[in-house]
Amino acid sequence: MEDCLGSDDEYYYSDQDSLDGIENEDSDPQWIPPKGTTTKVITKESLLSAQKEDLRRVMDLLFLREHHARTLLIHYRWDVEKLFAVLVEKGKPCLFSEAGVTLIEHEDLDPPLPNSPVMCAICIEDVPSVDTTKMDCGHCFCNSCWTEHFVVKINEGQSKRIRCMAHKCNAICDESVVRNLVSKRHPHLAEKFDRFLLESYIEDNKRVKWCPSTPHCGNAIRVEDDEFCEIECTCGLQFCFSCLSQAHSPCSCLMWELWAKKCRDESETVNWITVHTKPCPKCHKPVEKNGGCNLVSCICGQAFCWLCGGATGRDHTWSSIAGHSCGRYKEDKEQNAERAKRDLYRYMHYHNRYKAHTDSFKLESNLKESIQKKVAVSEEKDSRLRDFSWVNNGLSRLFRSRRVLSYSYPFAFYMFGEELFKDEMTKEEREIKQHLFEDQQQQLEENVEKLSKFLEAPFDDYKENEVMDIRMQVINLSAITDTLCQKMYDCIESDLLGSLQLGIHNIAPYKSKGIEKASELTVCWVNKANNADKDLQLHCGTSGGSTEPEQPSGSGSSDESGCSSRKRARKGALGGGFFDLNLPAEVIDKSDS
C-alpha cells in the first residue's frame with residue numbers, strides 16, 4: 001500500500017492539510033516542514049559525515065582521540081545521550097573501563113633502543129624493539145603476533161572491538177595500529193576493517209537502520225526522536241522504523257507480525273478443515289461428508305462413523321451401524337469444533353473488511369491520472385475557479401484515511417480477541433471498549449466513502465456552481481476524516497492500549513501531514529583548510545609507544561574544510577592501494593602530493 005502513496009510527490013508528499021484549501025488556495029501544493037524533518041537519509045557518501053557528528057560531540061566533551069571516542073560509542077551502541085548519562089552517573093573512570101578504553105597517563109621515560117632485543121610474550125622470541133608495538137594498556141608484543149591476531153579477528157567479524165592479546169586485558173586496540181600493521185601484509189583486510197568501522201554506525205546504532213527496500217537502495221535512515229515511527233525513504237518506500245515492515249499503524253508491530261503471518265500461512269485453511277471435515281481413523285486424511293448418511297468411507301477404504309469418528313464396519317441402516325454405538329456425548333470434540341468455527345467466522349469478518357479497504361485503496365490510487373486530466377480540462381475553462389489544489393489535497397487525505405481504516409481491522413481483531421489481551425480485560429470491559437472503537441471506525445468509514453464518491457465525480461463536466469459545491473464537500477470531508485483519524489489514534493493510545501499493563505504494543509503516532517519523508521543528511525565542515533597539515537601531524541603521532549611511525553588514521557581529526565556530505569574515500573592515500581575512510585578529502589590530497 002505504501003508504494004502507491006510514496007512514489008508520487010505531487011499527490012502524497014504535498015501533504016497539505018485539506019483546510020489549507022480554504023485558508024490559502026494560491027499556496028504551493030508542496031508542504032515544507034517549517035522546522036525541518038526529524039529523520040535523515042544517510043547515503044553511502046554521507047555515512048562518514050554522519051558518523052563524525054557523534055564522534056565530534058564525544059571528542060569535544062571528553063577531550064579524546066577519535067579512536068577512543070569511537071570505542072566508547074560502539075560500546076554504547078552510538079547512543080550519545082546514554083553515554084553522557086553514564087558519565088554523569090558513574091564518572092569517567094567507570095565509563096572508560098566498561099568500554100575498554102585505556103588512556104596513557106605518562107610516556108615511557110626510558111624507551112628501549114631501536115635495535116635492542118625485546119622478548120615477545122606470545123611467540124617467546126627475541127625481536128628488535130623496532131619490530132614491536134605497545135598498546136595504550138602498556139602491553140607490548142611483536143608486530144608479527146599483533147598482525148596475526150588482527151587478521152584472525154577481522155576474518156571472524158570482530159574487527160570493531162579488537163581486544164589486546166594479553167591475558168584478561170579488556171583494552172581495545174588502537175584502530176590506527178590495526179590499520180597500519182594489517183595493511184602491510186593484507187591490504188584487502190585493512191579495507192574490510194575500515195568498512196566495518198564505518199558501517200558500525202548503522203549496524204550498532206538503534207537510531208539508524210538500513211532501508212528495507214528490495215532491491216536495496218543503499219540508504220540508511222536515522223531518527224532523532226521516537227523510534228516508533230513511520231518513514232518514507234528518498235527511494236519512495238514507506239516503512240515502520242521499529243520492525244522494518246510496511247507502514248502498518250494503528251497496528252502495533254507485534255499485531256502486524258501476527259496478522260501478516262495469519263494471512264500468509266494456511267492457518268485458516270486448517271480451521272476450515274477442522275470445521276468441515278473429520279480425520280480418517282486409518283490414514284488420518286481429512287474426509288468431507290457429502291451425503292446424509294452418518295456412515296462415511298475414506299478413499300483408503302476405511303468406513304467410520306461421522307458422529308464420533310470411530311472405525312466401523314459397512315453394515316448399517318439409516319438409524320444405526322452394526323456393532324457400533326456412539327450415543328455418548330463427546331464434549332471436548334464438540335467444543336473444539338465449535339470454537340474453530342467461531343474463530344474462523346471472526347477472522348473472515350475482519351479479513352474481508354481489511355481486504356476490501358486495501359482493494360479500494362489500490363483502485364483509488366489509479367484516480368491520480370484521471371484526476372490530472374479532469375483538473376487540466378477544468379483549468380482550461382473560462383471560470384472564476386482557477387485553483388484546483390483542493391482536489392489533490394482531498395486525494396491525499398483519502399489515501400491516508402483509507403490506509404488508517406484498512407489497518408484498523410487487524411488492530412481490532414487482536415485488540416478485542418483472546419490471543420493477546422485475554423487476561424488484561426474483563427468481558428464487560430472488552431465489550432465497552434469494542435463498542436467505543438467500532439463507533440469511531442464506522443464514522444470514519446462513512447466519511448471516507450463519501451470523500452471517495454465526490455473525488456470520483458466527473459466535475460470537469462459540471463457547471464461552475466456544481467463544482468463549487470463539490471469543492472466545499474471535499475474540503476469539509478477532508479477536514480472531518482482528518483479529525484476522525486486523530487480521534488481514533490487518541491482512543492487507541494489512551495483508552496485501549498494505554499490502560500493495559502503490557503507495554504510492548506507501541507504504535508506510530510498519527511500525522512495529519514502524512515508519513516514523514518526523510519531528508520538527506522548534509523554535514524558542513526566549517527574549519528579552515530590550512531589546518532589540514534596540523535591534522536596530519538596529529539594523526540601521525542605515536543600510538544601505544546610503537547617506535548615505528550604510523551600512517552594517518554583519522555584519530556583525533558578535528559579540522560576539515562569544505563561543505564559537502566559526499567566525500568568519497570580515495571585510493572592510494574596509504575600504501576598498497578589502501579584507503580582510509582576516516583580522513584578528510586583535503587588531507588588525503590595533501591598526502592598524495
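The values are calculated or read from the model by the stated rules, or taken from the named source; none is laboratory data. Just so you know, these numbers come straight off a predicted model, no measurement behind them. Every residue, glycine among them, receives a Cβ derived from its backbone with ideal geometry; neighbour counts consider all protein chains shown. Calculation scope for accessible area: heavy atoms of the full protein, side chains included, ligands and nucleic acids excluded. Shrake-Rupley method; radii C 1.70, N 1.55, O 1.52, S 1.80 Å.
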Using θ = phi - 60° and the Karplus form 6.51 cos²θ - 1.76 cosθ + 1.60, what ³J(HN,Hα) does each residue of the stretch 75-88 get, whole Hz, x for Gly and Pro? 4, 9, 6, 6, 9, 4, 5, 5, 4, 5, 5, 5, 4, 5
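Given R₀ = 60 Å, FRET efficiency for Glu224-Glu288 by Cβ-Cβ distance, to 0.05?
E(calc), rounded to 0.05, equals 0.55.
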What is the percent carbon and sulfur in the accessible area of the stretch 387-492, measuring with a 1.4 Å probe over the protein chains and ignoring ligands? 46
Which value, in Å², gives the accessible area per residue of the stretch 214-267 when a 1.4 Å probe is used on the protein heavy atoms? 41
How many nm is it between the label spots at Glu156 and Thr483, if each spot is 7 Å from the Cα in line with the beta carbon? 6.4
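Please give the FRET efficiency for Ala376 paired with Glu466, using the beta carbon to beta carbon distance and R0 = 22 Å, rounded to the nearest 0.05.
Working from the Cβ atoms, E equals 0.75.
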Spin-label pair Lys206/His276, simplified geometry with 7 Å Cα→Cβ offset, distance in nm: 4.8
Modelled FRET efficiency - R0 56 Å, His216 with Arg314, Cβ distances, 0.05 increments: 0.35
How far apart, in nanometres, would the label points at Asp131 and Asn366 be if each is projected 7 angstrom from Cα along the Cα-to-Cβ direction? 7.6
Quick check: residue separation of Lys355 and Arg185 times 0.36 nm, minus the Cα distance between them. What number comes out in nm? 55.2 nm
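Computing the accessible area with a 1.4 Å probe over protein heavy atoms, can you report the carbon and sulfur percentage for the stretch 45-185?
Details: 3740 of 6840 Å².
Reported share for carbon and sulfur atoms: 55 percent.
By how many nm would the segment from Arg57 to Cys300 lengthen if fully extended, with 0.36 nm per residue of separation less the alpha-carbon distance?
Fully extending the segment from Arg57 to Cys300 adds 80.0 nm.
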Using 0.36 nm times the number of residues separating Cys263 and Thr38, minus their current alpha carbon distance, what extension gain do you get? 77.6 nm
